[in-house]
Amino acid sequence: MAAFGENIGMYEASFSRLPSQSNVYGLSVLSMPTWEGSKLLVASLSGGKMFCLEYQRLQGVVRLVSREIHFAYIPGDADIVSIDSFNREGTQPGTLGGLVIGITFIKDPSNTPAQYLNIYSAAVESGLEYSLDTIAQSCMCNIELQFIPFQLTHTRLCEEDGGDTVFLLGGNDQKIHLFRQDRETNQFMEENITDCFPEFDNLPGNAVWMDTQRVGGHKRITAFGCEDGHVNVAIVNESSKEIQCMGGVQHDGPITSVRIYRSKLDTPCPAVLGNKAPALPVHTTQEGEYHLVVTSVLELAVVYREVMLGGLTRQAILPESNLYDSALCCCVGDVDWDGQNEVIIGTYGQELLVYKYCEGSSRGRHKSNSSVASEKSASLESDFTLLWRRSFAHPILALAYLDMTRDGLWELVVISTKGCHILQHSLEEAAGKITERLETLALQGTTVNGSK
């Protein structure tokens, strides 16, 4: 597995094989209590099997452990389509009430197929709210679907709508469906989505991927990509349900993923530094910080910059992203520790691509005859550069960037058609970066004290 480009100090630390391949909807990050760290739930499509992956300390060594989780009411002939999970609120404000896991599957796909959504969660205050074995046997509801399910995701409603976290499910009926837990019966039921999400009314196609981001001032950014290549983004006032801005573009092939992200990270000053640390500038949310990554089957992956200001008019391509078959998935993360998020792309051509935004560089210049290059698009010149590339032995289906080992260094999770790869940062690189930052901090502190 060769790596090319600037060395960002990542290497493959662990690999766990799956009995059958997953898919682009088959990865969910389980947000556990801080003392447990994050875990992964990965679907193995055939046979309805689900696996939990986590790091455990065994005989003094931290190792990646994979074990099958047996979810009730998923038959052995089922094909898993999509999975998702979230932390529900506890009985007291500001507390957590445990994991909620949603699984869509197709039963008996070869004969008389039927589609279902199962939702699992343990009883609140049972002490088992994060026990996966207990949750897997606690099926809250089994909902038969009248459509083929696609991506299953979740989002939190605004306070005016109750502040609940709800499931959103795309389907082949050209609709997005909303499932919300009833406070009295504790059952999840489908509700009219346009009451809370007017931007999902009259979709132009089958939405295969969607993302939402709540921003300051009671606003929400919503983006979705369709099977026919249509991409839409909307800015909505959550309180009044007014669509303040909405626009779309047409790509040449099916959309494989969309992701809203911010340019910068907000990293608070560590408490251990106390008053010794120089004052950091107060970060305020700017509308120009929000961008949209779009990957598709046939075209270059692109980033629509500053979607809150210009919608989908400012397009930047991701150079070489069309050279390795289809780009199937994406995520974002600060992999080089400079406070700016990088864009990470996984391709069916077995390549992992990491892009960095360098304003004014225009090094990724590319001309295209794509319909995306309409008169409304400002430019196809790109300020993104390919920072790093790594080859794998199998196609890449899903990505995530998170801290699985609870050591403060985030890992890059790569789901391929054969299993789960965990890329970790080099400890030597991390130690060098910390030393560099501490020296800079000490120098700044000396300058501040000297000026006094």
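For the reader, a short list of remarks on this structure follows.
- The number of residues in region 334-345 being at pLDDT below 95 and in a strand (DSSP E or B) comes to 1.
- When region 48-64 is filtered for residues that are farther than 16 Å from Q424 by Cα and in contact (Cβ under 8 Å) with a residue 12 or more places away in the chain, the ones remaining, listed by number, are G48, K49, M50, F51, C52.
- With respect to being touching a Gly at 6+ places or on another chain (Cβ under 6 Å), open to solvent by less than 20 Å² (accessible area, probe 1.4 Å), of a type outside the set (F, W, Y) and closer than 20 Å to Q21 by Cβ, A122 falls outside the description.
- From the list G76, G26, the lone residue that is modelled with pLDDT of 85 or more, in contact with a strand residue (DSSP E or B) (Cβ under 6 Å, 6 or more places away or on another chain) and under 29 Å from P113 (Cβ atoms) is G26.
- Residues in region 235-264 that are part of a strand (DSSP E or B), in contact with a Ser or Thr (Cβ under 6 Å, 6 or more places away or on another chain) and of a type outside the set (S, T, Y) were compared, and the one that is surrounded by the fewest Cβ atoms within 10 Å (Cβ to Cβ) is Q250.
- Residue among T194, T185 that alone is at negative phi and open to solvent by 50 Å² or more (accessible area, probe 1.4 Å): T185
- Count of region 114-127 residues which are over 17 Å from C139 (Cβ atoms) and either small (G, A, S) or modelled with pLDDT of 90 or more (or both): 1
- Listed by first and then second residue, the pairs linking a residue in region 396-418 that is on the phi > 0 side of the Ramachandran plot to a residue that is part of a strand (DSSP E or B) and modelled with pLDDT of 95 or more, with Cβ atoms under 9 Å apart and 6 or more places separating them unless they lie on different chains, form an empty list.
- Contact map, region 34-45: first residue of a type in the set (D, E, K, R) and at pLDDT 85 or above, second residue surrounded by fewer than 20 Cβ atoms within 10 Å (Cβ to Cβ) and in a loop (DSSP other than H, G, I, E, B), Cβ cut-off under 6 Å, separation 6 or more or different chains; pairs are K39/M32.
- Residue-level check: of (1) in a loop (DSSP other than H, G, I, E, B); (2) under 21 Å from L41 (Cα atoms), P204 misses just (2).
- Residues satisfying the stated conditions in region 317-361, i.e. surrounded by fewer than 24 Cβ atoms within 10 Å (Cβ to Cβ), free of Cβ contacts under 8 Å to residues at least 40 places away in the same chain and small (G, A, S): G360, S361
- In region 95-107 there is at least one residue that is open to solvent by 40 Å² or more (accessible area, probe 1.4 Å), more than 23 Å from T165 (Cα to Cα) and modelled with pLDDT under 95.
- Hits in region 138-172 - residues which are exposed (fewer than 14 other Cβ atoms within 10 Å of the Cβ), free of Cβ contacts under 8 Å to residues at least 60 places away in the same chain and over 24 Å from A122 (Cα atoms): Q146, E159
- Note on region 3-23: residues that are at pLDDT below 75 and in contact with a Lys or Arg (Cβ under 7 Å, 6 or more places away or on another chain) amount to 3.
- Residue in region 13-52 that is farthest from H421 (Cα to Cα), counting only those that are aromatic (F, W, Y) and in a loop (DSSP other than H, G, I, E, B): W35
- So D252, is it within 19 Å of G333 (Cα to Cα) and either of a type in the set (F, W, Y) or modelled with pLDDT of 90 or more (or both): no
The values are calculated or read from the model by the stated rules, or taken from the named source; none is laboratory data. Quick caveat: nothing in here was measured; it's all calculated off a predicted structure. Methodologically, a virtual Cβ is constructed for each residue, glycine included, from the backbone with ideal geometry; neighbour enumeration extends over all protein chains shown. Side chains are part of the model used for accessible areas, which takes the heavy atoms of the whole protein and leaves out ligands, DNA and RNA. Shrake-Rupley method; radii C 1.70, N 1.55, O 1.52, S 1.80 Å.
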